[in-house]
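Contents: one structure, followed by commentary.
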Amino acid sequence: MSSAQDAVVVAVDIGSSGVRAFAFAADLTVAATAERAFVTLVDDSGRSAHDWDEVLANTIACIADVAASSFVAAIVLSGTASCVAASVGSGATRQIVGDVLLWSDARSAAHAAQTRQAQVDGYPRTLCPAHLSYWPAKLLWLRATSSTPLSFAGAKDYVFEHLTGRFWTDPMSAAATGIFDSALWRWDEELLAAAGICESQLPAVRDATEVATLRGELAAALGMAADTPVVLGGMDGPLAQLGAGGFGTDSASCTVGTSIAYRTGVDARVVDAGARVWCYPVFRDFWVLGGAGSNGGNVLSYTAGIVGNGVGAAVSDAFDRPSDPALVFLPYVWGERAPLWRDELRGAIVGLGPHHTAADLNRAALDGIAILLLELAAAVMSLGGIPSRVYLTGGFLRNDAWAQLMTDALGRETCVPEPEYATANGAAILGWLALGTDRADVASRPAVDRRMPSPAIHSQLQERAVRARRVRDALYPVGGLR
């Protein structure tokens with residue numbers, strides 16, 4: 001094992017498709033990595049979930065892998081937004097009941113009407129738009145599945161309890177439940193009542209840099225010191241912004257993976273009068289304003305499946321074709337979250353002609369995703385200001401042409417953070433802060449792959465966005481027949 005002079009913080013990113021662990025040195029270089037996938041459990045009931053035993057086993061295995069070659073100064077955790085699981089018991093006797101629900105689990109849809117008005121009224125307190133992806137309806141559904149009193153938390157917080165014995169959550173994860181009053185910094189009483197639960201059924205909200213000690217038997221099994229600190233950590237979206245842009249408020253981050261997200265740092269909570277976006281606290285003096293859509297790379301996976309080629313080939317072939325402004329692709333295959341929050345939306349193609357090919361279809365889908373990003377970014381920028389640059393993250397942006405298209409849609413300079421693992425990088429920043437490093441001495445790594453937008457293409461995409469909105473309004477009028 002390495003000496004304390006070579007100490008690392010192990011940042012553990014528990015995501016929606018798997019877990020990754022990174023050993024970060026004090027200068028935020030990565031010394032070791034490990035990764036395990038999760039099986040996402042889906043069926044026609046609306047299920048979108050993980051198995052808890054798989055999550056826990058794979059997370060511990062990843063920690064063990066990266067800890068084997070380093071002196072671990074601390075472990076810090078990151079989880080995914082709005083994840084929730086029910087449990088019985090506490091501490092060493094706690095047992096997870098059923099699935100670990102992801103934000104996309106829709107089995108609670110029948111309960112949504114019972115909580116919607118409370119969510120709408122609560123937006124100025126929670127800064128979370130009324131939507132099924134948040135906890136209120138899910139809590140009603142989980143309660144209906146059990147006659148036993150339950151507790152509720154996300155997978156990251158159950159892992160933290162397993163490691164330390166402490167049932168805690170951080171402000172970011174708490175805010176992403178949709179039942180946390182970030183103005184008063186407490187669980188929201190009215191939304192708790194709407195969901196039929198009380199505060200004692202939820203983890204205590206502590207600072208993101210709060211530390212507890214690794215349980216002795218786990219420390220021994222992992223080959224770590226018995227007093228190894230475990231830092232509470234945070235949630236993937238805000239940590240991606242922190243990891244990419246640090247504590248600055250003049251930059252934004254954009255992720256295109258399965259779906260899309262756009263965020264910016266702000267120094268105080270921001271209330272959107274239109275309830276289009278969320279605002280989550282990292283610390284009381286640093287917040288992340290943003291939104292996540294429901295459609296992104298998953299749309300290309302869908303269209304590639306229809307036309308019979310893989311995503312890589314679909315993207316490559318699509319960029320060999322010129323963009324056809326007459327072909328409008330509404331990519332709402334999975335409805336939409338930010339900034340529209342309309343699950344009834346569906347995908348549509350308008351303007352098809354006999355000359356169009358599979359490559360044209362995929363190119364139109366890519367342009368449609370770019371237009372989604374343009375609309376989402378515009379909503380965030382209207383509140384958080386225009387950034388000097390935007391950091392790009394997410395596996396689908398490794399294609400240079402796609403990254404350039406998103407740069408053109410944003411109309412701003414873009415770059416890639418180094419290292420590119422922005423969420424884990426943000427978690428590592430929290431870990432080193434918890435160990436006593438000053439904020440001024442902990443910053444994201446230099447950016448690479450700088451790109452400038454084409455003003456002409458940005459203008460074209462803006463024009464196409466206007467047409468796409470007209471098509472959307474005609475097919476899916478707000479409050480109209482579907």
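Between the Cα long axis of helix 135-144 and the first principal axis of the chain there is an angle of about 70°, rounded to the nearest 10.
Using only side-chain charges placed at the Cβ, +1 for Lys and Arg and -1 for Asp and Glu, the dipole size of the chain relative to its Cα centre rounds to 960 debye.
Compactness of segment 1-135, taken as the C-alpha radius of gyration over 2.2 N^0.38 Å, stands at 1.30. In plain terms, if you count all Cα to Cα distances in segment 274-405 and split them into 10 Å steps from zero, the share in each step is 11, 39, 33, 14, 3, 0 percent.
Work out, in µm²/s and without decimals, the Stokes-Einstein translational diffusion coefficient of segment 11-68 at 10 °C, 1.306 mPa s, Rh from Kirkwood over C-alpha pairs. Here the translational diffusion coefficient equals 129 µm²/s. Legend: translational diffusion of segment 311-380 by Stokes-Einstein, Rh = Kirkwood radius over C-alpha pairs, 37 °C, 0.692 mPa s; D = 256 µm²/s. For the chain, the equivalent ellipsoid built from the Cα gyration tensor has semi-axes of 35, 27, 21 Å, listed from largest to smallest. With R₀ set to 30 Å, the beta-carbon distance separating ALA92 from ALA144 gives a calculated FRET efficiency near 0.60.
Projected over every direction and averaged, the convex hull enclosing the alpha-carbon atoms of segment 173-217 yields 4.3 nm². Neighbours of PRO322, meaning other residues whose beta-carbon lies under 15 angstrom from its beta-carbon, give a summed charge of -3 when Lys and Arg score +1 and Asp and Glu score -1. Among HIS162, HIS355, HIS111, a tally of other beta-carbon atoms within 10 Å of each Cβ gives an order, fewest to most, of HIS355, HIS162, HIS111. Residue-normalised convex hull volume from the C-alpha trace of segment 216-272: 159 Å³ per residue. Gain on full extension, evaluated as 0.36 nm per residue between SER382 and ARG467 minus their Cα-Cα distance, stands at 28.5 nm. Structural descriptor for segment 4-237: relative contact order 21 percent, calculated from alpha carbon pairs under 8 angstrom and at least 6 residues apart. Please give the FRET efficiency for VAL39 paired with SER69, using the beta carbon to beta carbon distance and R0 = 25 Å, rounded to the nearest 0.05. Once rounded, the FRET efficiency stands at 0.35. Model label points for ARG439 and THR29, set 7 angstrom from Cα along the Cα-to-Cβ axis, are 2.8 nm apart.
Treating segment 187-303 as a set of equal point scatterers at the Cα positions, no solvent, please give the Debye-formula log₁₀ I(q)/I(0) at q = 0.16, 0.18 Å⁻¹. Computed log10 I(q)/I(0) values: -0.98, -1.06. Rounded to the nearest 10 degrees, the angle from helix 236-245 to the longest Cα principal axis of the chain is 80 degrees.
The value obtained for segment 238-312, namely the Cα convex hull volume divided by the number of residues, is 93 Å³ per residue. DSSP finds beta bridges in the chain, and of those with both partners inside it, around 70 percent are antiparallel. For the Cα trace of segment 126-237, dividing Rg by the Kirkwood Rh returns an Rg/Rh value of 1.02. Evaluated at q = 0.24 Å⁻¹, a Debye calculation over the C-alpha positions of segment 270-329 (equal weights, vacuum) places log10 I(q)/I(0) at -0.99. Note on ARG346/ALA225: beta-carbon distance plugged into 1/(1 + (r/R0)^6) with R0 of 60 Å gives a FRET efficiency of 0.65. Can you work out the base-10 log of I(q)/I(0) for segment 56-118 at q = 0.13, 0.21 1/Å, using the Debye formula on its C-alpha atoms alone? So the normalised log intensities are -0.60, -1.07. With N the number of residues in segment 4-237, Rg(Cα) / (2.2 N^0.38 Å) evaluates to 1.01. Computed over segment 92-174, the quotient of the alpha carbon radius of gyration and 2.2 N^0.38 Å is 1.17.
Computed over segment 119-161, the convex hull of the alpha-carbon atoms projects to a mean area of 4.1 nm².
Read-outs throughout are calculated quantities, based only on the coordinates presented, and are distinct from any laboratory measurement. This structure is a prediction, so every number in the text was calculated from the model and none was measured. All Cβ positions, glycine included, derive from the backbone under ideal geometry; neighbour counts span all protein chains shown.
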